[in-house]
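Novice: Sharing a structure, written as structure tokens. Questions coming.
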Amino acid sequence: MEKGERVKPSRVRLRKLRRADFSAFIPAWNDPEIMRLTTERQFQLTSQEVFAKLEEHLTNPKMHDFVILVDGEIAGHIVVQLKPHHRRYEIYIAIHDKDFWGRGVGTIATLKACDWFFRMFPDEFELELGVFTLNTRAIRCYEKCGFKRVRVMKRSFCPDELIMRKVRETG
Ligand SMILES: CC(C)(COP(=O)(O)OP(=O)(O)OC[C@H]1O[C@@H](n2cnc3c(N)ncnc32)[C@H](O)[C@@H]1OP(=O)(O)O)[C@@H](O)C(=O)NCCC(=O)NCCS
């Protein structure tokens, strides 16, 4: 396959996170470029720390984690979680396999997760996310999925964060 070829939606599936998936997260969560785009954390995580965090995700009923499969192989991670302080649900995604960046997988996976969320939670009307303003690829992906810009949170010691929101489609 040509690098850069767009991925057809039929090749992309979401599956609930399992313990057997945890080791696939170790390189991605320590990748300098992914860290720069997604987190304030400046230090690497040990395997044990990655496993402990994912165990927390798996056992926390407010967190709904999926792996993103392309042709059955893990290509990334998407999570929908209830933020207790905000009392609203937020979504987070990372495609771990950089060969897939910019080829439509993020948009397909985000749309699938949004569909899942609005079906599972019929009383919820909106889904939010926070994205660093420097992360223009992610912002473009979210806009394609129907998220709108809400506000920018200025930060002193880390990149500014854009809050985006998608509302339930009616009719
Ligand atoms: C952000 C992410 C999930 C998006 O998934 P993706 O599969 O790369 O995104 P898509 O290909 O579906 O959409 C990206 C869009 O941005 C465009 N794009 C690519 N690079 C870009 C850039 N540097 N700036 C602006 N737009 C860019 C693509 O062309 C595409 O738009 P198009 O379909 O109109 O051509 C993925 O790139 C990723 O995991 N990045 C690292 C982790 C991350 O940033 N996560 C987000 C945390 S908030």
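The values are calculated or read from the model by the stated rules, or taken from the named source; none is laboratory data. Worth saying up front: this structure is predicted, and the values here are computed from it rather than measured. Reconstructed Cβ throughout: ideal geometry from the backbone, glycine too, with neighbour counts over all protein chains shown.
Novice: Quick one: would you say residue 131 is buried (at least 17 other Cβ atoms within 10 Å of the Cβ) and within 17 Å of residue 88 (Cα to Cα)?
Specialist: When the stated conditions are applied, residue 131 passes them.
Novice: Consider residue 100 carefully, then state whether it is surrounded by 15 or more Cβ atoms within 10 Å (Cβ to Cβ) and touching a residue at least 60 places away in the same chain (Cβ under 8 Å).
Specialist: yes
Novice: Within region 66-101, restricting attention to residues that are among the β-branched types (Val, Ile, Thr) and within 9 Å of the chain's Cα centre (by Cα), which residue is farthest from the ligand (Cβ to nearest atom)? Give the steps one after another, and end with the answer.
Specialist: Restricting attention to region 66-101, the residues satisfying the condition of being among the β-branched types (Val, Ile, Thr) are 67-68, 70, 74, 78-80, 91, 93, 95.
Now restrict to residues that are within 9 Å of the chain's Cα centre (by Cα): 78-80, 91, 93, 95.
Details: 78: 8, 79: 11, 80: 13, 91: 9, 93: 4, 95: 4 Å.
Step by step, filter region 66-101, then rank; the result is 80.
Novice: Checking the structure you have, find out if any residue of region 80-96 is in a helix (DSSP H, G or I) and either at pLDDT below 95 or crowded, with 16+ Cβ neighbours inside 10 Å (or both).
Specialist: No, region 80-96 has no match at all.
Novice: Separate question: Looking only at residues that are loosely packed, with under 10 Cβ neighbours inside 10 Å and aliphatic (A, V, I, L, M) in region 1-21, which one is modelled with the lowest pLDDT?
Specialist: 1
Novice: In this structure, does residue 104 turn out to be within 9 Å of the ligand (Cβ to nearest atom) and on the phi > 0 side of the Ramachandran plot?
Specialist: Taking the combined requirement at face value, the residue satisfies it.
Novice: Among (1) closer than 17 Å to residue 92 by Cβ; (2) in contact with a Lys or Arg (Cβ under 8 Å, 6 or more places away or on another chain); (3) not in a helix (DSSP H, G or I), which single condition is residue 5 missing?
Specialist: Here residue 5 clears every test but (1).
Novice: For region 52-79, enumerate the residues that are surrounded by 16 or more Cβ atoms within 10 Å (Cβ to Cβ) and closer than 12 Å to residue 24 by Cβ.
Specialist: Result: 54, 67, 68, 69, 74, 75, 76, 77.
Novice: Among the residues of region 97-126, what is the count of those that are aliphatic (A, V, I, L, M) and more than 23 Å from residue 28 (Cβ to Cβ)?
Specialist: Within region 97-126, residues that are aliphatic (A, V, I, L, M) and more than 23 Å from residue 28 (Cβ to Cβ) number 1.
Novice: Name the helices (runs of 4 or more DSSP H) wholly within region 10-62 that hold at least 2 residues that are over 15 Å from residue 78 (Cβ atoms) and free of Cβ contacts under 8 Å to residues at least 40 places away in the same chain?
Specialist: Correct list: 32-38, 47-59.
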